[in-house]
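Novice: I'd like to ask some things about the structure below.
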Amino acid sequence: MRVIVKRILFLFLFLSISASASSKEEIANRIKALLSTLPANTISGVLIYNPLIQDTIFASNEKRPMTPASLTKLFTTSTSLSVMGGEHKLSTKLFSEDQDLKDGVLNGNLYIKGFGNSVFTDSDLESFVNKLKEKGVKVITGSIVGDDSFFDDVYTRED
């Protein structure tokens, strides 16, 4: 909560600085002065860009990777809901190259493809098994492969 309060305070301070400052240099000096008052262990990154004149007003650690704050997650969620809609369901699906399951054998691999369902549970997996049984599948000749290709390949962060 303290981080959010500091960020809101910083935003208000920035707005008051930019309203009274007359040059980029003056704005930069005032922001540097504010940043110097933060505790030594504070991780910060600032990028102030004016899209009207396509100019960077101030930048400091703007490319430094950081864990998003809860407030940032709200913007991400809001955008996701706006783009996908409130009824959108994140899913996990089964795929196979075998088109004929009537013989009870799934020839080849069974792919479990994830599309972002963060609440996939054991009961969801049991449901998949039951659906395969309903289709008469008794044997899978290949491997069961978890397919995460829907996502990028960044699995870890340096922090």
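The values are calculated or read from the model by the stated rules, or taken from the named source; none is laboratory data. None of these values were measured; they are calculated from a predicted model. A quick note on method: Cβ atoms are made from the backbone with ideal geometry, for glycine too, and the neighbour counts reach across all protein chains shown. To get the accessible areas, we keep the full protein, side chains included, count just its heavy atoms, and leave off ligands, DNA and RNA. Shrake-Rupley method; radii C 1.70, N 1.55, O 1.52, S 1.80 Å.
Novice: For segment 23-68, calculate the relative contact order in percent as a whole number, restricting contacts to Cα pairs under 8 Å that are 6 or more residues apart. Please list the in-between numbers first.
Specialist: Values: 35 pairs, mean separation 15.6, N = 46.
Computed value for segment 23-68: 34 percent relative contact order.
Novice: Another question, then. Just grab the label-to-label distance for Arg64 and Met84, each label 7 Å out from Cα along the Cβ direction, in nm (one decimal).
Specialist: Result: 3.2 nm between the two label points.
Novice: At 0.36 nm per residue, and after removing the present C-alpha to C-alpha distance, how many nm does the segment from Ser96 to Leu125 gain when stretched out fully?
Specialist: Working: separation 29, 0.36 × 29 = 10.44 nm, distance 1.61 nm.
Length difference between fully extended and current span is 8.8 nm.
Novice: Can you sort Phe150, Phe115 by 1.4 Å-probe accessible area, starting with the largest? Can you show the working numbers first?
Specialist: Numbers: Phe150 115, Phe115 45 Å².
Reading off the accessible areas and sorting them downward yields Phe150, Phe115.
Novice: Separate question: If you plug each phi of segment 109-121 into the Karplus form 6.51 cos²θ - 1.76 cosθ + 1.60 with θ = phi - 60°, what whole-Hz ³J(HN,Hα) values come out, in order, with x for Gly and Pro?
Specialist: Working through the residues one at a time gives 7, 10, 9, 9, 9, x, 10, x, 6, 6, 10, 4, 10 Hz.
Novice: Additional query: Beyond 32 Å between alpha-carbons counts as too far, so tell me which of Lys73/Lys131; Lys63/Lys93; Lys113/Lys138; Lys89/Lys135 fall in that bin. Don't jump to the answer; show the numbers that get you there.
Specialist: Values: Lys73/Lys131 35 Å; Lys63/Lys93 36 Å; Lys113/Lys138 21 Å; Lys89/Lys135 24 Å.
Check vs 32 Å cut-off fails for Lys73/Lys131; Lys63/Lys93.
Novice: Let me ask something additional. Please compute the contact order of segment 96-154 in relative form: average sequence separation of alpha-carbon pairs under 8 Å and at least six residues apart, divided by the residue count, as a percent. The partial results should precede the final answer.
Specialist: Working: 74 pairs, mean separation 29.8, N = 59.
After rounding, I find 50 percent.
Novice: Of the heavy-atom accessible surface of segment 44-98 (probe 1.4 angstrom), what whole percent is carbon and sulfur? Show your work: numbers first, answer last.
Specialist: Values: 2430 of 4320 Å².
The value for segment 44-98 is 56 percent carbon and sulfur by accessible area.
Novice: Find the accessible area per residue for segment 18-159; the probe is 1.4 Å, ligands and nucleic acids are left out, and the unit is Å². Before the final figure, lay out each step's value.
Specialist: Details: 10930 Å² over 142 residues.
The answer is 77 Å² per residue.
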